[in-house]
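Student: Shown below is the structure under consideration.
The values are calculated or read from the model by the stated rules, or taken from the named source; none is laboratory data. As the structure is a prediction and not an experimental result, all values here were calculated from the model. Here the Cβ is made from the backbone with ideal geometry for all residues, glycine too, and neighbour counts use every protein chain on show.
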Amino acid sequence: MKALEGVRILDFTHVQSGPTCTQLLGWFGADVIKVERPGSGDATRKQLVDVEGEDSLYFTMLNHNKRSLTLNSKNDTGKKVLERLVKECDVLVENFAPGALDRMGFSWDRIQELNPRMIMASVKGFGPGPYEDCKVYENVAQCAGGSASTTGFRDGPPLVTGSQIGDSGTGLNLALGIVTALFQREKTGRGQRVLAAMQDGVLNLCRVKLRDQQRLDHGPLKEYSQYGEGVPFGEATPRAGNDSGGGQPGRILKCRGWESDPNAYTYFITQAAVWGKICDVIGKPEWREAPDFATPAARLPHLNDVFDAIEQWTMTKTKYEVMEICNPLDIPVGPILSMKELAEEPSLRETGTIVEVDHPGRGKYLTVGCPVKLSDSPAQVTRSPLLGEHTDEILSQVLHYSDDEISEIRQSGAV
Ligand code: CAO
């Protein structure tokens with residue numbers, strides 16, 4: 001038995017943000033019915049194709065544990081099928097451009113009329129306000145949510161990150177909203193609308209930068225490198241390179257081999273509680289008591305000197321050796337792991353965080369598994385569906401159409 005067994009999801013999502021959400025619900029045991037446009041399906045099936053003629057990794061890695069039903073929701077017969085699906089499902093999830101569902105004839109009012117228990121969950125780029133009608137992709141959300149203005153180096157342009165915080169991040173928020181609404185429905189018997197806006201999701205993940213924005217009113221941000229470098233602060237939270245966002249200063253430092261290996265680096269945190277051990281390890285025992293270095297406050301104007309000295313030491317070790325030496329001393333460090341190293345890491349395979357999946361068209365490939373582990377509801381990753389693979393099965397088993405009715409639906413061009 002899986003945690004969400006018995007919950008049926010009408011999955012009208014596409015691209016990344018919405019599919020992340022419904023894939024998670026599928027991993028927790030929900031029956032996810034992905035509705036796709038006949039003939040083409042989710043646009044990502046044919047984007048960034050690596051195996052000619054097959055579904056792309058972009059699509060497969062976001063659509064595990066789902067069934068695919070093709071349906072033209074603008075065709076009259078298709079609309080009738082959709083109405084029946086709305087009545088049979090617990091949750092409708094969508095991330096169309098604003099207004100698209102209304103234009104199809106499925107406004108929130110209409111959905112409530114069809115099924116008052118329905119939970120209707122949407123990802124949109126922006127919440128209500130001046131930009132609510134805009135189409136939004138990942139990097140737009142990173143830029144509009146405060147991530148880009150605070151990522152990168154002070155003397156360079158704003159940067160987007162490799163983490164898909166706008167898409168996958170918002171998908172996680174939406175999944176939580178859906179499960180919470182299902183929980184409330186247990187008590188009220190009513191469905192409700194759930195909205196997760198990508199700008200809101202990114203801003204939420206950037207809260208430490210909003211914290212720093214307000215701290216600026218009370219003086220310079222002393223843990224930022226630019227403070228020690230004597231560079232004045234402007235009006236807004238600046239980009240801080242690899243400075244730690246917390247109260248314990250940290251940086252990315254070179255390790256042995258950095259000249260040829262772009263990932264021979266470690267993150268190194270000068271946690272106050274282990275400052276003495278850090279001094280001993282890097283060969284600066286005199287800094288334990290030196291007035292400019294002995295306390296966290298004294299060190300803040302000298303962080304460049306501190307990290308230069310630590311880097312002289314880390315450059316003599318591999319990133320793994322740094323970890324082996326520092327971990328027993330409780331000094332927090334972290335190797336910069338490449339995607340290749342992560343893909344080959346056995347412990348991530350053992351926990352199901354990285355999973356190998358077999359696909360009839362493309363063969364074996366790696367994907368991410370569920371990042372949340374439930375002891376009583378283990379997630380097993382099953383391959384993504386082919387376009388329309390389950391159309392007949394859903395029409396007959398879920399919607400109880402007869403064979404003759406299914407032929408008529410097919411003839412109408414609705415599926
Ligand atoms: N049958 C018939 N029509 C269908 C259909 C189906 N099964 N599925 C979708 N359509 C139609 C929609 O109704 C819409 O038609 P109208 O424009 O006439 O209303 C049309 O397909 C296009 O939908 P869209 O506008 O959502 O798609 P797009 O490719 O133009 O835009 C995106 C994509 C992601 C920018 C937009 O959907 C969006 O802003 N979504 C919300 C934010 C979001 O989730 N962004 C993250 C995406 S991942 O980076």
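Student: Would you call S107 farther than 16 Å from V202 by Cα and within 13 Å of the ligand (Cβ to nearest atom)? Lay out the reasoning, then the answer.
Tutor: Values: farther than 16 Å from V202 by Cα: yes; within 13 Å of the ligand (Cβ to nearest atom): yes.
Spelling it out, S107 is indeed farther than 16 Å from V202 by Cα and within 13 Å of the ligand (Cβ to nearest atom).
Student: Can you tell me which of (1) on the phi > 0 side of the Ramachandran plot; (2) surrounded by 15 or more Cβ atoms within 10 Å (Cβ to Cβ) is the one G219 doesn't meet?
Tutor: (2)
Student: Only one of these is part of a helix (DSSP H, G or I) and small (G, A, S): A309, A290. Name it. Lay out the reasoning, then the answer.
Tutor: On the way: A290 fails: part of a helix (DSSP H, G or I).
Result of the check over A309, A290: A309.
Student: Within the range 28-48, is even one residue within 17 Å of H359 (Cβ to Cβ), modelled with pLDDT of 95 or more, touching a Pro at 6+ places or on another chain (Cβ under 7 Å) and of a type in the set (S, T, N, Q)?
Tutor: So far as the range 28-48 goes, no, none of its residues is within 17 Å of H359 (Cβ to Cβ), modelled with pLDDT of 95 or more, touching a Pro at 6+ places or on another chain (Cβ under 7 Å) and of a type in the set (S, T, N, Q).
Student: Residue check, P296 against (1) touching a residue at least 12 places away in the same chain (Cβ under 8 Å); (2) loosely packed, with under 14 Cβ neighbours inside 10 Å, all met but one. Which one?
Tutor: (2)
Listed here are the residues, each with its yes/no results for (1) at pLDDT 95 or above; (2) within 12 Å of the ligand (Cβ to nearest atom); (3) among the small types (G, A, S).
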{"residue": "K124", "(1), (2), (3)": "yes, yes, no"}
{"residue": "P130", "(1), (2), (3)": "yes, no, no"}
{"residue": "C134", "(1), (2), (3)": "yes, yes, no"}
{"residue": "A141", "(1), (2), (3)": "yes, yes, yes"}
{"residue": "S149", "(1), (2), (3)": "yes, no, yes"}
{"residue": "G162", "(1), (2), (3)": "yes, no, yes"}
{"residue": "L174", "(1), (2), (3)": "yes, yes, no"}
{"residue": "I178", "(1), (2), (3)": "yes, no, no"}
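Student: Being small (G, A, S), in contact with a strand residue (DSSP E or B) (Cβ under 8 Å, 6 or more places away or on another chain) and either in a helix (DSSP H, G or I) or more than 21 Å from K135 (Cα to Cα) (or both) is the filter here; which residues of the range 182-221 pass it? Working first, answer last.
Tutor: Within the range 182-221, the first condition is being small (G, A, S), and the residues that meet it are 189, 191, 196-197, 201, 219.
Applying the additional criterion that residues be in contact with a strand residue (DSSP E or B) (Cβ under 8 Å, 6 or more places away or on another chain) yields 191, 196-197.
The answer is G191, and nothing else.
Student: From the list G39, G29, which residue is more than 12 Å from the ligand (Cβ to nearest atom), in the same structural domain as M120 (by TED's automatic domain parsing) and surrounded by fewer than 24 Cβ atoms within 10 Å (Cβ to Cβ)? Full working, then the answer.
Tutor: Working: G39 fails: more than 12 Å from the ligand (Cβ to nearest atom).
The unique qualifying residue is G29.
Student: Considering S407, S396, which residue is more than 17 Å from T22 (Cα to Cα), in contact with a Ser or Thr (Cβ under 9 Å, 6 or more places away or on another chain) and not β-branched (V, I, T)?
Tutor: Only one candidate qualifies: S396.
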